[in-house]
Amino acid sequence: MLVSATEMLKKARDGKYAVGQFNINNLEWTKAILLTAQECNSPVILGVSEGAGKYMTGFETVAAMVAAMDKSLGITVPVALHLDHGSYEGCYKCIKAGFTSIMFDGSHFPIEENVKKTTELVNVSHNLGLSIEAEVGSIGGEEDGVVGAGECADPNECKMIADLGVDFLAAGIGNIHGKYPENWAGLSFETLAAVNEKVGDMPLVLHGGTGIPDDMIKKAISLGVAKINVNTECQLSFQEATREYIEAGKDQQGKGFDPRKLLNPGFEAIKAKVKEKMELFGSVNKA
Ligand code: 13P
């Protein structure tokens, strides 16, 4: 059931668990995540980066595929279709295409401009029933060419953006996209606690979910994180399972070259990874 992410994240924040945002790249990814959410009776957020949207031939294709798949698979758990790290133009494209949620990433603009553009997009989204995420303090690492250094957000700026009426807020707390380097200092719980105190009961978003140790995930949830984004870990699971299948020569046995067979181990690996994360985040049976 396609919905905005507002209610599911309010419930998560109150219930002290987090809803996973899993990024999609194609039909297999989407099907694996939707089926797992239904099997786990968990709410879920499908994240679409601008690059992935382009890869899938545009946001309209994505919205049409997700809506049709949600219906044909008989998905009854709440599903939000969410733009990940959207540009100002990207947000408007997704609103038009039928997404149920957007993220406006104005973290690279001066705070005044972030405020101005976020205010406008909050009004437009809410008038149309979409939820909206904003970001303060850039998330480190690289995603689709957007490079951030992993800075910690200023709690006062977080309050300023939260007060604009966004539904959930991503605050940089030393998290980065992709694999964490050996010398990573870990999440800054000091920053998270300070942000949490400033923004009241606003659900907070933790980007860069790949590779964060389980105990840090649990602590982050206890400090107001209600949405956790995972992308790279699903990609790695898919890649490992596919490599294993090919290295075992299974693609050369019988009809093992059939794309439906070739892509199946990766598909199953994504399902297992999403289930593992839903259990860790505590969203199982919370639909
Ligand atoms: P990872 O790729 O590190 O899991 O980060 C995902 C993310 O934050 C998407 O916005």
> Since Asn25 meets every condition but one in (1) surrounded by fewer than 23 Cβ atoms within 10 Å (Cβ to Cβ); (2) more than 20 Å from Gly90 (Cα to Cα); (3) polar (S, T, N, Q), which condition does it not meet?
Replying inline: (2)
> Looking at Gly51, is it within 16 Å of the ligand (Cβ to nearest atom) and either closer than 28 Å to Ala241 by Cα or open to solvent by 60 Å² or more (accessible area, probe 1.4 Å) (or both)?
Replying inline: yes
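For segment 107-121, give me each residue that is within 15 Å of the ligand (Cβ to nearest atom) and either charged (D, E, K, R) or buried (at least 17 other Cβ atoms within 10 Å of the Cβ) (or both).
Taking segment 107-121 and keeping what is within 15 Å of the ligand (Cβ to nearest atom), we get 107-108.
Ser107 - this is the single residue of segment 107-121 that is within 15 Å of the ligand (Cβ to nearest atom) and either charged (D, E, K, R) or buried (at least 17 other Cβ atoms within 10 Å of the Cβ) (or both).
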> Is it the case that Ala248 is farther than 25 Å from Asn25 by Cβ and out of contact with any Lys or Arg (no Cβ under 6 Å at 6 or more places or on another chain)?
Replying inline: no
> Of everything in segment 60-90 that's touching a residue at least 40 places away in the same chain (Cβ under 8 Å) and under 21 Å from Glu120 (Cα atoms), which residue is most open to solvent (accessible area, probe 1.4 Å)?
Replying inline: His85
>> Can you say whether Ile139 is modelled with pLDDT of 95 or more and within 16 Å of the ligand (Cβ to nearest atom), as far as the supplied structure shows?
In response: no
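The values are calculated or read from the model by the stated rules, or taken from the named source; none is laboratory data. Fair warning: this is a prediction, and the values are worked out from it, not measured in the lab. Reconstructed Cβ throughout: ideal geometry from the backbone, glycine too, with neighbour counts over all protein chains shown. When the accessible area is computed, the model is the full protein with side chains, heavy atoms only, and any ligands, DNA or RNA have been set aside. Shrake-Rupley method; radii C 1.70, N 1.55, O 1.52, S 1.80 Å.
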